[in-house]
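As structure tokens, the structure follows; a few thoughts come after it.
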There are 2 protein chains.
Amino acid sequence: MDETADGASQETGTTLFVCVTCRRADAPVPANGHRPGAAMHDALAKGALPEGMRLRAVECLSACSNGCAVALTGPGRWTYVYGNLDPEADPPAILSGAAAYAATADGLVPWRERPLIFRRNAIARVPPLRLEPL
Amino acid sequence: MDETADGASQETGTTLFVCVTCRRADAPVPANGHRPGAAMHDALAKGALPEGMRLRAVECLSACSNGCAVALTGPGRWTYVYGNLDPEADPPAILSGAAAYAATADGLVPWRERPLIFRRNAIARVPPLRLEPL
């Protein structure tokens with residue numbers, strides 16, 4: 001089993017992907033080129049990730065019209081993509097939602113236990129590969 | 001290794017998820033309750049899937065404002081979610097795009113080889129779990 005530098009397992013752990021190329025319609029990219037998505041990644045990297053969760057920067061989640069965007073995924077779990085996130089205000093709620101996600105076996109967090117930004121800003125979800133047929 | 005009824009491997013094969021609860025803003029649900037997403041699933045089921053690809057009906061891809069929606073996924077591949085698909089017109093192009101996806105090792109189809117509906121209608125994409133760090 002592969003282990004990442006922080007000890008999280010790639011086979012069993014969860015991952016929080018953060019698009020670092022995301023822009024925001026309401027915020028111009030600063031002169032230094034540090035995009036809002038990269039700023040959000042930086043803020044999340046300073047926070048407390050749930051145990052076993054990796055934080056991964058990614059170039060483009062194809063949610064460009066809904067930046068900033070993140071995705072939560074893991075083996076055997078539903079994958080969720082969230083957009084229209086605020087890189088300054090939302091990192092604490094993203095981490096709270098990530099913790100709730102990590103605490104499930106299948107990625108399905110009860111609706112009322114999801115942060116408001118997750119309830120409002122789901123762009124898409126994708127079943128685990130082993131989804132039982134309908 | 002698990003094998004599905006059609007012989008596709010859950011560990012190595014690809015999956016085309018189709019939301020069967022999707023509605024279309026421009027089409028009311030008919031009296032029999034058969035939603036546009038279910039009609040699109042039926043049309044895709046009659047088509048030729050690429051070798052090793054499973055077709056799976058799923059209730060809600062959380063892309064409700066962008067129905068009809070599908071997702072292409074597979075172990076080690078980028079996952080793509082497409083929306084705003086037409087259940088009558090688009091199944092042939094969806095199957096063409098699915099074939100191009102299945103022919104890749106990582107799910108990344110060159111831009112010009114993607115069907116027009118995939119170029120225009122990507123809602124989100126999610127990296128494979130083993131994405132190399134940036």
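The values are calculated or read from the model by the stated rules, or taken from the named source; none is laboratory data. The structure presented is a predicted model; accordingly, all values stated were derived computationally and were not measured. Glycine gets a Cβ as well: all are built from the backbone with ideal geometry, and neighbour counts include every protein chain shown. Side chains included, ligands, DNA and RNA excluded: accessible areas come from the protein's heavy atoms. Shrake-Rupley method; radii C 1.70, N 1.55, O 1.52, S 1.80 Å.
Brief remarks on what is shown
- Considering only residues in segment A:82-116 that are more than 12 Å from the chain's Cα centre (by Cα) and among the β-branched types (V, I, T), the one that is nearest to A:G52 (Cα to Cα) turns out to be A:T104.
- Just one of the numbered conditions (1) within 14 Å of chain A (Cβ to nearest Cβ); (2) surrounded by fewer than 18 Cβ atoms within 10 Å (Cβ to Cβ); (3) part of a helix (DSSP H, G or I) is not true of B:G37: (2).
- Under the condition of being more than 9 Å from chain B (Cβ to nearest Cβ) and closer than 18 Å to A:A43 by Cβ, the residues counted in segment A:58-71 number 3.
- Any chance B:L85 is crowded, with 17+ Cβ neighbours inside 10 Å, at negative phi and in a loop (DSSP other than H, G, I, E, B): yes
- Every listed requirement among (1) buried (at least 17 other Cβ atoms within 10 Å of the Cβ); (2) over 12 Å from B:V18 (Cα atoms) is met by B:A48 save one, (1).
- Qualifying residues in segment B:9-23 (those that are in contact with a helix residue (DSSP H, G or I) (Cβ under 7 Å, 6 or more places away or on another chain) and surrounded by fewer than 20 Cβ atoms within 10 Å (Cβ to Cβ)) - the one farthest from B:W78 (Cα to Cα): B:R23
- Filtered residue count, segment B:1-20, keeping only those that are at pLDDT 85 or above and either farther than 20 Å from B:L95 by Cα or not in a loop (DSSP other than H, G, I, E, B) (or both): 6
- Just so you know, in segment A:51-77 the residues that are open to solvent by less than 20 Å² (accessible area, probe 1.4 Å) and assigned to a loop (DSSP other than H, G, I, E, B) include one that is nearest to A:R119 (Cα to Cα), and it is A:A69.
- Taking segment A:95-134 as the range and being in a loop (DSSP other than H, G, I, E, B), touching a strand residue (DSSP E or B) at 6+ places or on another chain (Cβ under 7 Å) and more than 24 Å from B:R56 (Cα to Cα) as the test, only A:N121 passes.
- Within segment A:103-134, the residues that satisfy the criterion of being away from chain B (no Cβ under 14 Å) and either open to solvent by 80 Å² or more (accessible area, probe 1.4 Å) or more than 29 Å from A:A27 (Cβ to Cβ) (or both) are A:A103, A:T104, A:A105, A:P110, A:R112, A:E113, A:L116.
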